[in-house]
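Below is one structure, written out as structure tokens; comments come after it.
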Amino acid sequence: MKSLFNQNILCIGAGYVGGPTMAMIAHKCPQYRVTIVDINPERIAQWKSDRLPIFEPGLDEIVRAVHGRNLFFSTDIEKGIREADIIFVSVNTPTKTFGVGAGMAADLQYWEKTARQILESATTDKIVVEKSTLPVRTAQAMERILFSTHSGVRFEVLSNPEFLAEGTAIQDLENPDRVLIGSRQTESGLKAGSALAEIYANWVPRDRILTTDIWSSELSKLVANAFLAQRISSINAISVLCEKTEADVTQVARAVGMDNRIGPKFLNASVGFGGSCFKKDILNLVYICQYYGLNDVAKYWNSVIKINEYQKAHFVETMLNAMFNTLSGKRICLFGFAFKADTGDTRDSPAIQIAKRLIEERAELVITDPQALANARTDLKGVDGNVQFIEDPYEAAAGSHAIAIMTEWRQFRELDYERIYRSMTQPAFIFDGRNVVDHRKLHQMGFNVYPIGKPALTNL
Ligand code: NAD
Ligand code: UGA
């Protein structure tokens with residue numbers, strides 16, 4: 001029977017990237033049949049249910065519109081591979097925790113399993129697209145696996161890294177700054193690259209679809225994340241200097257960012273960057289540099305991570321110093337646990353490390369977050385301490401000695417802080433790890449306010 005669709009697209013890995021990316025392709029290209037598969041049956045069941053496995057503004061609406069029309073979820077990976085013309089591989093590539101490169105290199109076991117599975121199940125020619133973030137020259141390893149038998153099936157490997165940020169994934173996918181496609185510079189490689197570009201051209205202007213050689217594409221993804229994280233570490237390093245000199249980091253960032261060559265984005269000083277990728281991708285970059293003997297280059301990029309670790313430790317130190325050098329038995333309320341606003345994701349969230357440090361200091365923790373409490377519970381499972389998870393921020397803050405803002409949720413800006421102040425143990429402290437509340441106003445209410453990179457406003 002002739003298919004209604006003129007192309008079968010498969011995505012292996014139904015995570016934060018695979019789900020939204022494929023939903024967008026299905027939404028913009030009704031002429032393609034898009035299937036997402038995963039080894040985790042629970043995840044697939046969640047994608048098929050009313051409660052999606054991830055919280056992402058705008059995602060529910062898109063998935064609802066296309067699920068069952070031209071977007072399908074399945075655990076049948078073999079069938080998916082057999083039927084696909086184009087296969088996106090979007091499995092996780094975490095930092096290796098064992099053996100050579102432990103703590104730095106990318107763990108490519110999930111990715112390699114996928115390559116072998118594609119080889120085993122494919123009966124027709126395929127374009128295989130690296131969507132996961134991978135070390136530069138991974139495509140060569142993938143090709144070696146895919147070309148290791150003489151089945152007659154031909155594979156073309158492309159690199160098509162994803163640049164979406166969580167919390168704005170739908171916007172980023174709908175209107176990307178660029179789509180990057182790296183291919184071998186052979187006739188078949190360029191042809192495969194054009195076939196992939198055709199998919200994006202359904203909604204992305206042609207001049208934003210950038211084609212490069214495959215190694216530049218792989219490396220650009222790591223470099224983009226490293227540059228973004230570097231800006232945050234740079235402004236965070238300056239924030240500490242501001243605290244010593246009574247300068248204001250927001251004003252410094254504004255003055256510096258107004259230089260066209262620097263630009264204003266990604267200069268918000270914070271308690272530190274989190275998320276599943278910045279640290280892992282920079283460690284990966286550092287490892288690659290070391291592998292090639294570029295030790296000074298490796299050190300340079302590693303310092304971005306060092307400053308981020310410093311920033312989190314410094315935040316806890318500020319709390320300790322301000323609260324008379326003891327947190328023991330004090331109730332501390334964390335406003336937010338997600339690694340950024342508009343997501344329930346807590347992977348590598350600064351809040352995890354800060355929560356653990358506060359527990360070491362024997363503080364009693366209360367955690368509130370509009371989307372991330374379930375993940376927060378999992379992250380702190382087994383940690384020996386007094387921790388409560390409370391959805392309502394007013395209830396969470398009541399009786400606390402201090403509030404520490406971990407995530408820049410809009411909701412936290414809009415709370416009735418007079419009411420919160422009255423319900424807290426006095427003297428009440430607020431440590432704004434995101435510089436999101438009105439510091440002057442809170443100070444006038446009676447709070448002792450400790451922003452990032454600005455003079456503290458105390459009433460003591
Ligand atoms: P994720 O952990 O949310 O999803 C990965 C999925 O792959 C999981 O559901 C897992 O079960 C599945 N999987 C693993 N091995 C499999 C196999 N052999 N067969 C089928 N399914 C398998 O990860 P993510 O956040 O979506 O990230 C995926 C990749 O995209 C990573 O390389 C990451 O660096 C990159 N990336 C992530 C983001 C982001 O915002 N999260 C943005 C850009 C790029
Ligand atoms: C980041 C990149 O922005 C994406 O382009 C990339 O695709 C993705 O990583 C990835 O490869 O996974 P994401 O981690 O989802 O996206 O979110 P960001 O908006 O980059 O924020 C990362 C962290 O930096 C958050 O903890 C955020 O709060 C923090 N941040 C961001 C700051 O502390 N200050 C800023 O000015 C900006």
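The values are calculated or read from the model by the stated rules, or taken from the named source; none is laboratory data. Since the structure is predicted, the reported quantities are computational estimates derived from the model, not experimental observations. Neighbour counts are summed over all protein chains in view; Cβ atoms, including those assigned to glycine, are modelled from backbone coordinates with ideal geometry.
Among the residues of the range 180-208, write down those that are within 16 Å of ligand 2 (Cβ to nearest atom), touching a Ser or Thr at 6+ places or on another chain (Cβ under 7 Å) and assigned to a helix (DSSP H, G or I). Within the range 180-208, none qualify.
None of R357, R377, R362, R331 is in contact (Cβ under 8 Å) with a residue 12 or more places away in the chain, more than 17 Å from the chain's Cα centre (by Cα) and crowded, with 20+ Cβ neighbours inside 10 Å except R331.
Scanning the range 384-410 for residues that are within 24 Å of the chain's Cα centre (by Cα) and touching a residue at least 24 places away in the same chain (Cβ under 8 Å) yields A404, I405, M406, T407, E408, W409, R410.
Against the criterion of being part of a helix (DSSP H, G or I), within 17 Å of G272 (Cβ to Cβ), touching a helix residue (DSSP H, G or I) at 6+ places or on another chain (Cβ under 9 Å) and in the same structural domain as E360 (by TED's automatic domain parsing), F337 does not qualify.
Of all residue pairs spaced 6 or more apart or on separate chains, none has beta-carbon atoms under 6 Å together with a first member in the range 17-36 that is under 15 Å from A165 (Cα atoms) and a second member that is polar (S, T, N, Q) and outside any loop (DSSP other than H, G, I, E, B). Checked against the criterion of being under 23 Å from the mean Cα position of the chain (by Cα), under 27 Å from Q117 (Cα atoms) and either basic (K, R) or within 14 Å of ligand 2 (Cβ to nearest atom) (or both), the range 140-151 contains not a single residue that satisfies it. Within 16 Å of ligand 2 (Cβ to nearest atom), modelled with pLDDT of 95 or more and either within 18 Å of the chain's Cα centre (by Cα) or surrounded by 19 or more Cβ atoms within 10 Å (Cβ to Cβ) (or both): does that describe K131? So K131 passes the test. Scanning the range 200-249 for residues that are among the polar types (S, T, N, Q), under 20 Å from Y450 (Cβ atoms) and surrounded by fewer than 18 Cβ atoms within 10 Å (Cβ to Cβ) gives a single hit, T245. For the range 64-96, the set of residues classified as within 10 Å of ligand 1 (Cβ to nearest atom), of a type outside the set (A, V, I, L, M, F, W, C) and either under 30 Å from L283 (Cβ atoms) or part of a strand (DSSP E or B) (or both) consists of S90, N92, T93, P94, listed by residue number. The set of residues from the range 152-179 being assigned to a strand (DSSP E or B) and either buried (at least 22 other Cβ atoms within 10 Å of the Cβ) or within 16 Å of ligand 2 (Cβ to nearest atom) (or both) comprises E156, V157, L158, S159, V179. Looking across the range 213-231, the residues that are out of contact with any strand residue (DSSP E or B) (no Cβ under 9 Å at 6 or more places or on another chain) and away from ligand 1 (no atom under 16 Å from the Cβ) come down to Q230, R231.
Which ones in the range 250-280 are buried (at least 18 other Cβ atoms within 10 Å of the Cβ) and farther than 27 Å from L164 by Cα? Residue satisfying the conditions is V252 alone. For the residues Q444, Q388, the requirement of being assigned to a strand (DSSP E or B), outside the structural domain of E166 (by TED's automatic domain parsing) and surrounded by fewer than 14 Cβ atoms within 10 Å (Cβ to Cβ) singles out Q388.
Each residue in the range 430-446 was checked for being over 19 Å from Q411 (Cα atoms) and of a type in the set (A, V, I, L, M, F, W, C), and 1 pass.
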